[in-house]
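The values are calculated or read from the model by the stated rules, or taken from the named source; none is laboratory data. This structure is a prediction, so every number in the text was calculated from the model and none was measured. Don't worry about glycine lacking a Cβ; one is built from the backbone with ideal geometry, like all the others, and counts go over all protein chains shown.
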Amino acid sequence: MTETITFRQEVLNLLHASEGNPINFCIQCGTCSGTCPVAGFMDHSPRQIIAMINAGMKEEVMNSNTFWYCASCYHCTVRCPQEINITGLMYAMKRYSIWKGKYKEGLIGPTFSEAFVKMIVRTGRSFEPVLAPSYIFSFNMRGFLQEVQNATELMLKGRLPLLPARIKRLEKFRSVIGRIIPMGGLE
Amino acid sequence: MKEYAYYPGCSLEKMAVSYHLSAVETTGKLGIKLKELEDWSCCGATAYSGIDELLSHTLSARNLAIAEKTGLDFVAPCSACYKNMYFTAVHMRKDADLAEHINFALEEDNLHFSGNVTVRHLIEVYVNEVGLEEIKSKVTRPLEGVRVAPYYGCQIMRPRKDHEDVEQPQFFEELLAAIGAMPINYPLKMRCCGGSLIISSRTAALSMVRNLLQSAVDGQADVIATTCPMCQVNLECYQQQVNQEFGTNFSVPVLYFTQLIGLAFGITPKKLGMGKEFVALAPSLLAAGKANPAHSKP
């Protein structure tokens, strides 16, 4: 007989290796939501998303923009009276949603993160211009033009690299990565 | 001459080249050599952890392993690089299984990280390693009357490492006072600039940047000082977009703390990478040492 694991248990397992207390320690005090500088733009505040995970509301959680809007500033984490690593939870939810291939439509975060990792696997260092196509077409016309204007100004000021930097031992670097994750999905 | 294993990070190669130049110039005056880490690779920024946690630690560990070979302390000028390296080192020291797995991967590049590297942010080198008295003694043109907003941002302080004060630290203010500037007190000094949300959640990030700029302007800042290339780009290069989106009229220069130290040390603005700003610097600031007329009288 197969044992079904609840959504809450799955999330608890994701956090097994990280720091802090498990999310069922949450007392719903709302310190995280009151602290979070992005809460006003999230579908659900950090406090709500924790309550929803604990209540097993998988569909609603997976369709929420909350964890993709986390800026990773750790302000909630240093203030949580129950010492839950809330930022760690947001990262874990990002990974879970990438792993399941399930996230709210229209978000830039997932494609941007994947494009970033692929870029690093290719050259070993960041090179901003190759990232642009992963997000710029999702902007509205005004945002698009503003971004182009910014890039132009950066270039004129000599602040935009024109050629990608490459590390010297790139092949070895890629072999290192190959021992961690299958490279197939990252090419 | 004390040496550090210097990890510039991707931004300092171009986008934040003025941070790199001013770091090298000012540490040079303090008898410190920033020795660039051989064949360093990206720290993963905030993106890897959203994809694969183990990969993220492994890529940080590669750099730590290269630094360990030099026997020098590791120093990163970027807050995100610093946070990633610091916590990868912590996790690998604490978790033998994790360390074993990562070192197995690093073998492919003939590397091994045993955990014997001290990871520091660049500002720590000035504040704790060199010390404020020594810095004061090198000041030839104190930044008298220049009102500076010390912007800590997130990742030099958070997550908490030990029991340090992460709510109201004062070391940045003390550093600015040591070079003769007037650090202002403003409520959002520890607030996030939005980081990579500027790309992935633009509306949210622009609003965060707006709040920060407003807070600094309300405190009558002449200039905002940062410790991180991401913060600098968000606060400075996106000021115009903030103005367009919110109908505001911000025009606050945003400099690296190392550039301000450099001015106080009498280093020429050009050597400190000045001239690459989006927001023009007031001549009074560049002629540091002379009192800023706007604020010289109470």
Can you tell me which residue within the range B:100-147, out of those that are small (Gly, Ala, Ser) and away from chain A (no Cβ under 14 Å), is surrounded by the most Cβ atoms within 10 Å (Cβ to Cβ)?
-> B:Gly145
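Would you kindly identify the strands (runs of 3 or more DSSP E) lying entirely within the range B:1-79 that contain at least 1 residues that are more than 9 Å from every other protein chain (Cβ to nearest Cβ) and of a type in the set (Ser, Thr, Tyr)? So that I can check it myself, show each step before the final result.
On the way: elements: B:2-6, B:32-36, B:74-76.
Those strands (runs of 3 or more DSSP E) span B:2-6.
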Failed criterion for A:Leu12 (all others in (1) at the interface with chain B (Cβ under 9 Å from one of its Cβ atoms); (2) at pLDDT below 95 hold) = (1)
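Report the residue count in the range B:66-76 for those that are surrounded by fewer than 22 Cβ atoms within 10 Å (Cβ to Cβ), out of contact with any Gly (no Cβ under 9 Å at 6 or more places or on another chain) and on the phi < 0 side of the Ramachandran plot.
Number of matching residues: 4.
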Evaluation of A:Phe127 against (1) under 26 Å from B:Ser60 (Cα atoms); (2) free of Cβ contacts under 8 Å to residues at least 12 places away in the same chain (one fails), failing number = (2)
Quick one: how many residues across the range B:178-226 are away from chain A (no Cβ under 14 Å), assigned to a loop (DSSP other than H, G, I, E, B) and in contact (Cβ under 8 Å) with a residue 40 or more places away in the chain?
-> 7
The range A:22-47 - residue that is within 14 Å of chain B (Cβ to nearest Cβ) and either at pLDDT below 95 or out of contact with any helix residue (DSSP H, G or I) (no Cβ under 7 Å at 6 or more places or on another chain) (or both) and, of those, farthest from A:Tyr69 (Cα to Cα) = A:Gly34
Restricting attention to the range A:132-153, report how many residues are in a helix (DSSP H, G or I) and either basic (Lys, Arg) or more than 7 Å from chain B (Cβ to nearest Cβ) (or both).
-> 15
Which members of the range A:73-94 meet the condition of being at the interface with chain B (Cβ under 10 Å from one of its Cβ atoms) and touching a helix residue (DSSP H, G or I) at 6+ places or on another chain (Cβ under 6 Å)?
-> A:Tyr74, A:His75, A:Cys76, A:Thr77, A:Arg79, A:Asn85, A:Thr87, A:Met90, A:Tyr91, A:Ala92, A:Met93, A:Lys94
Please list, ordered by first then second residue, the pairs with beta carbon atoms under 8 Å, 6 or more apart or interchain, first in the range A:138-167 and in the same structural domain as A:Arg125 (by TED's automatic domain parsing), second of a type in the set (Phe, Trp, Tyr) and assigned to a helix (DSSP H, G or I).
-> A:Phe144/A:Phe137; A:Ile167/A:Phe173
Please enumerate the residues belonging to the range B:245-263 that are closer than 15 Å to B:His20 by Cα, of a type outside the set (A, V, I, L, M, F, W, C) and outside any helix (DSSP H, G or I).
-> B:Tyr256
Here the residues within the range B:70-88 that are more than 21 Å from the chain's Cα centre (by Cα) and touching a residue at least 24 places away in the same chain (Cβ under 8 Å) are B:Thr70
A:Lys157: passes all of (1) at the interface with chain B (Cβ under 10 Å from one of its Cβ atoms); (2) out of contact with any Lys or Arg (no Cβ under 6 Å at 6 or more places or on another chain); (3) among the charged types (D, E, K, R) but (2)
Restricting attention to the range B:209-229, does a residue exist that is surrounded by fewer than 21 Cβ atoms within 10 Å (Cβ to Cβ), modelled with pLDDT of 95 or more and touching a helix residue (DSSP H, G or I) at 6+ places or on another chain (Cβ under 7 Å)?
-> yes
Options A:Phe173, A:Phe127, A:Phe139: the member that is touching a helix residue (DSSP H, G or I) at 6+ places or on another chain (Cβ under 7 Å), surrounded by fewer than 18 Cβ atoms within 10 Å (Cβ to Cβ) and at negative phi = A:Phe139
Taking the range B:134-146, which residues are touching a residue at least 12 places away in the same chain (Cβ under 8 Å) and assigned to a helix (DSSP H, G or I)?
-> B:Glu134, B:Ile135, B:Lys136, B:Lys138
Going through the range B:272-285 one residue at a time, which ones are outside any loop (DSSP other than H, G, I, E, B) and surrounded by 15 or more Cβ atoms within 10 Å (Cβ to Cβ)?
-> B:Leu272, B:Ser284, B:Leu285
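Looking at this structure, is A:Lys104 over 18 Å from B:Ala204 (Cβ atoms) and of a type outside the set (S, T, N, Q)?
no
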Within the range B:19-57, how many residues turn out to be farther than 30 Å from B:Ser137 by Cβ, surrounded by fewer than 22 Cβ atoms within 10 Å (Cβ to Cβ) and either outside the structural domain of B:Lys83 (by TED's automatic domain parsing) or touching a residue at least 40 places away in the same chain (Cβ under 8 Å) (or both)?
-> 1
